[in-house]
1. From (1) within 13 Å of the ligand (Cβ to nearest atom); (2) touching an Asp or Glu at 6+ places or on another chain (Cβ under 7 Å), pick out the condition that doesn't hold for A107.
2. Of the conditions (1) within 16 Å of the ligand (Cβ to nearest atom); (2) at pLDDT 95 or above, V153 fails just one. Which one is it?
3. Of all residues in the range 117-142 being assigned to a helix (DSSP H, G or I) and free of Cβ contacts under 8 Å to residues at least 12 places away in the same chain, which is surrounded by the fewest Cβ atoms within 10 Å (Cβ to Cβ)?
4. Name the one entry in F149, F110 that is assigned to a helix (DSSP H, G or I) and open to solvent by less than 50 Å² (accessible area, probe 1.4 Å).
5. Which of the residues belonging to the range 60-95 are hydroxyl-bearing (S, T, Y) and either open to solvent by 80 Å² or more (accessible area, probe 1.4 Å) or under 21 Å from P19 (Cα atoms) (or both)?
6. Do we have Y88 as near the ligand (Cβ under 9 Å from one of its atoms), part of a loop (DSSP other than H, G, I, E, B) and of a type outside the set (A, V, I, L, M) here?
7. So for the range 38-50 (the condition being at pLDDT 95 or above, near the ligand (Cβ under 10 Å from one of its atoms), buried (at least 20 other Cβ atoms within 10 Å of the Cβ) and within 26 Å of W191 (Cα to Cα)), does at least one residue qualify?
8. When you go through Y75, Y65 one by one, which is the residue that is of a type outside the set (V, I, T), more than 14 Å from the ligand (Cβ to nearest atom) and on the phi < 0 side of the Ramachandran plot?
Amino acid sequence: MQNTSHAVMAQRVEPLNSPDDFPTPPWATRGLIEYILPEKERLKSMTCLEPACGAGHMAKVLSEYFREVRSSDAYPYGYSHVRDFLTYPYEKNGADWVITNPPFRLAEEFVLRALDIARHGVAILARTVFLESVGRHEAIFLLNPPSRFAQFVERVPMVRGRLDAKATTATGYAWLVWEKKASIAHPRLMWVPPCRRKLERPGDYDNSHLVTSRSAKAR
Ligand SMILES: C[S@@+](CC[C@H](N)C(=O)[O-])C[C@H]1O[C@@H](n2cnc3c(N)ncnc32)[C@H](O)[C@@H]1O
């Protein structure tokens, strides 16, 4: 039976067969590069895989910073290859970075798979509550804590199937970063500072069925 308590209802629960298509506003991806990832200038010589790219809203921004961005998604959005990240035979060390906003219900599996594939590091955008749970502690954090945990101080509204400049949300988000060669015993706690206004660009919300008349329900 589905748990409908207030605490659970406050977090949207997607059906098991849902693609969980909630695109990332471009400014939130720029926030990762501008404030959180180390050695921003070196990214120009590196490759990046975005393995759950959807309509490409994160992949396009990553292309502003990386030499090459490869992308794919398990569902056809008309943007890139159709590949299930959890089963497609990606090469170990096949990309310098793996960066994505995965479907929340598969985020644990995405982190473990990404750590196998990335040569240099992994960055995952997830709800702040991703830090919780005994299961994730045992599967990931105990042996593989992120090297950086960066909480957004602003809200990052994401709505199903499109970008919406006017959406609001009650959910907090963070970037979790694993630098594979960093000998960091404890994660560095960081904040993505207020940056939405500074990092939004003209055209960011084009082709996104922009909703201007009312605010949409975000996750
Ligand atoms: C939260 S959306 C994020 C989309 C995109 N990364 C972005 O940030 O704009 C999650 C994406 O994961 C894709 N997805 C779901 N299951 C997947 C899987 N097993 N392998 C690859 N992509 C998957 C969905 O189709 C959806 O596009």
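The values are calculated or read from the model by the stated rules, or taken from the named source; none is laboratory data. In this text, all values refer to a predicted model and were calculated from it rather than measured experimentally. No Cβ is skipped: glycine too gets one built from the backbone with ideal geometry, and neighbour counts run over all protein chains shown. All accessible areas refer to the heavy atoms of the entire protein, side chains included, with ligands and DNA or RNA removed. Shrake-Rupley method; radii C 1.70, N 1.55, O 1.52, S 1.80 Å.
1. Looking at each condition in turn, A107 falls short on (2).
2. If we test V153 against (1) within 16 Å of the ligand (Cβ to nearest atom); (2) at pLDDT 95 or above, just (1) comes out false.
3. Of all residues in the range 117-142, those assigned to a helix (DSSP H, G or I) come to 117, 128-131, 134-141.
Restricting the remaining residues to those that are free of Cβ contacts under 8 Å to residues at least 12 places away in the same chain gives 134, 137-138, 141.
Working: V134: 7, H137: 12, E138: 10, F141: 16.
Looking at the filtered set, the residue picked out is V134.
4. Working: F149 fails: assigned to a helix (DSSP H, G or I).
Selected residue: F110, the only one of F149, F110 that is assigned to a helix (DSSP H, G or I) and open to solvent by less than 50 Å² (accessible area, probe 1.4 Å).
5. First, the residues of the range 60-95 that are hydroxyl-bearing (S, T, Y): 63, 65, 71-72, 75, 77, 79-80, 87-88, 90.
Passing the criteria: S71, S72, Y75, Y77, Y79, S80, T87, Y88, Y90.
6. Values: near the ligand (Cβ under 9 Å from one of its atoms): yes; part of a loop (DSSP other than H, G, I, E, B): yes; of a type outside the set (A, V, I, L, M): yes.
Spelling it out, Y88 is indeed near the ligand (Cβ under 9 Å from one of its atoms), part of a loop (DSSP other than H, G, I, E, B) and of a type outside the set (A, V, I, L, M).
7. Yes, the range 38-50 contains at least one residue that is at pLDDT 95 or above, near the ligand (Cβ under 10 Å from one of its atoms), buried (at least 20 other Cβ atoms within 10 Å of the Cβ) and within 26 Å of W191 (Cα to Cα).
8. On the way: Y75 fails: more than 14 Å from the ligand (Cβ to nearest atom).
Just a single option satisfies the conditions, and that option is Y65.
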